[in-house]
Amino acid sequence: MRKIFIDCGTHLGMGFSKLSSALNINHEWDVYGFEANPIVYDQYVKNIQSGNYPPLVNQNISLENKAVWTSEEGVEFSLRGITEHHFDHIYKDGKDESNPYYSNEWESGLANMASKNHSLSEKEILDMPWDGGSCVSEMKDKITFNPDQDLMYKWHENVKVESVDLSQWIMDNFSKDDFIVIKMDIEGAEYKVLPKMIEDGSIEYINSAYIEWHDWFLPEYKSKTGELMSSLQAANVSIGSWG
């Protein structure tokens, strides 16, 4: 039996950093990650190669610069960064220990591209669409933020990115005899990806799922979260939270 961890929406590794400790993930596991944002993907690769972050050392991590989606046709992806207001609030006066990006539970160097480890100027931070809220454009068009959140983030250009049909990829590469844990933080795309997994039976390959639900800014999916959780439980998928 293989032990598999699938990281959907890796960002800079915060989720894996946290869950690898909780789940005792080591070199005996095969770790697969998908990150659509090309800037974030490149930085995560550098973080892994650097050897500076203990949760990433001696792990079998395979990454792909792709969006987790329902087809392999590619998808339009909206890149998000922070505003000057956000920069002033979080960074200008030094790191804010109350910000979860600096929590000791998550590697601060992994979680924050503005850390001293990356030596980024204010202009570079503001010009770089590195924020974890980048998402498939179809979902971005449905987002409803409150005024405070609108002040914190700005959208950059849309880009066309490759995509993975997660359902088909799982069925093509794994067996129901494998022990598979999935972490999903894909900014609303879970409401497209998970129904397909339930419909085609690929959800039956999954033992545990750690999902960040985004109905808090996608109000039309409020009722869908409960429905999906019930379907996962009916498929004997253990549901956890990582965020």
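List of remarks:
- Put the Cα centre of the range 170-243 next to the Cα centre of the range 18-94 and the gap is 19 Å.
- In this structure, the amide hydrogen of residue 134, modeled 1.01 Å from its nitrogen in the peptide plane, lies closer than 5 angstrom to those of 80, counting only residues at least 5 positions away or on a different chain.
- Cleavage-rule hits (trypsin sites (Lys or Arg not before Pro)) in the range 25-87: DSSP loop, at most 14 neighbouring Cβ within 10 angstrom: none
- From phi via Karplus (6.51, -1.76, 1.60), per-residue ³J(HN,Hα) for the range 38-46 in Hz, x at Gly/Pro: x, 5, 5, 4, 4, 5, 5, 4, 4
- Residue-wise HN-Hα coupling along the range 58-66, computed from phi with Karplus coefficients 6.51, -1.76, 1.60 (Hz; x: Gly, Pro): 6, 10, 8, 9, 10, 10, 9, 7, 9
- Put in line by how crowded their Cβ is, counting other Cβ atoms within 10 Å and starting with the fewest, 12, 151, 120 read 151, 120, 12.
- Pairwise label distance in nanometres, residue 53 with residue 172, each label 7 Å out on the Cα-Cβ vector: 2.7 nm
- Per-residue ³J(HN,Hα) for the range 19-30, Karplus 6.51 cos²θ - 1.76 cosθ + 1.60, θ = phi - 60°, Hz, x for Gly and Pro: 6, 4, 6, 5, 9, 6, 6, 9, 5, 7, 8, 9
- A protection proxy built from the mean count of other Cβ atoms within 10 Å ranks the segments 154-164, 48-58, 190-200, most packed first, as 190-200, 154-164, 48-58.
- Cut-off under 5 Å, modelled amide H: who pairs with residue 64 long-range: 33, 34, 35
- Backbone amide hydrogens, once placed in the peptide plane, bring residue 153 within less than 5 Å of 83, excluding anything fewer than 5 places away on its chain.
Computed from the coordinates by the stated procedures, all read-outs in this text should not be read as laboratory data. Predicted model, so just to flag it, every value in this text is computed and none were measured. FYI the Cβ positions are ideal-geometry reconstructions off the backbone, even for glycines, and counts take in every protein chain you see.
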